[in-house]
1. Could you give the nm distance between label points at B:Asn67 and A:Lys70, where each point is 7 Å from its Cα heading toward the beta carbon?
2. Could you work out the percent of alpha carbon pairs in chain A separated by over 25 Å, rounded to a whole number?
3. For region A:1-99, which trypsin sites (Lys or Arg not before Pro) are both in a DSSP coil and crowded by at most 12 other Cβ atoms within 10 Å?
4. Using a Förster distance of 35 Å, how high is the FRET efficiency between B:Asn57 and A:Lys14, based on the Cβ-Cβ distance and rounded to 0.05?
5. Sorted by average packing, counted as other Cβ atoms within 10 angstrom per residue and highest first, what order do A:23-30, B:64-71 take?
6. Exceeding 28 Å between C-alpha atoms, which entries from my cross-link table qualify? They are A:Lys9/B:Lys71; A:Lys57/B:Lys107; A:Lys57/A:Lys98.
7. When DSSP beta bridges are limited to those with both residues in chain B, what percentage is antiparallel, rounded to the nearest 5?
8. Can you tell me what share of the DSSP beta bridges in chain A is antiparallel? A percent to the nearest 5 is fine.
Amino acid sequence: DGGITQSPKYLFRKEGQNVTLSCEQNLNHDAMYWYRQDPGQGLRLIYYSQIVNDFQKGDIAEGYSVSREKKESFPLTVTSAQKNPTAFYLCASRSGGKKTQYFGPGTRLLVL
Amino acid sequence: DQQVKQNSPSLSVQEGRISILNCDYTNSMFDYFLWYKKYPAEGPTFLISISSIKDKNEDGRFTVFLNKSAKHLSLHIVPSQPGDSAVYFCAASALYGGSQGNLIFGKGTKLSVKP
């Protein structure tokens, strides 16, 4: 069954801690994306990757880092430099020749 | 500066009636537009899209209209059903540029369909 998986569904971060959100896809998509959604807001782009071993900053990359070592995986690390990390994080992927992005179920990050 | 605007944060419609969700954009380089539906605590689900070479695209109860001269698109849902209650996001993509393939999202419109 093809799709995008994100884990965990809920994640708690302590002050000064780095946490990593997982995103995996088995759709053979080339491009992958990370978004952040805050209440009453649209989706804001954090990082994106068009191909393996390459990624670009989005509109709100500060305090986040990513890697793209495998086509299927695009983990997002929320570092201690991100002062307001509480949000709903969404991963998406897209086939190279298409415009439509498909989303995972999301991870809710909360700060303790 | 918002490039994609959904000016109505919420919309309430009676079951069986038409729901019309609106979206305006400012960037004339946008060439592809999409609508996503999102339930709370879930990822958005792709609903329907339209290319800038068309002015209408239909899929079952969902129709998207594009007015390029007005930089405006709308999503029509007919007939509306209680299960359509969700937040609807409009998104746009540009043909050219380094961020080709990236989507710009509006802030969403919360649709409530009352039985």
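1. Calculated label separation equals 5.0 nm.
2. Everything past 25 Å amounts to 15 percent.
3. A:Lys9, A:Lys14, A:Lys83
4. Efficiency for this residue pair is about 0.15.
5. Those peptides, ordered most packed to least, come out A:23-30, B:64-71.
6. A:Lys9/B:Lys71, as the Cα separations exceed 28 Å there.
7. Taking every DSSP beta bridge within chain B, about 90 percent pair in antiparallel fashion.
8. 90
Read-outs: derived from the displayed coordinates by stated rules, not from any lab. What you see is a predicted model; the values in this text were computed from it and never measured. Here Cβ is always computed from backbone atoms with ideal geometry, including for glycine, and neighbour counts include all displayed protein chains.
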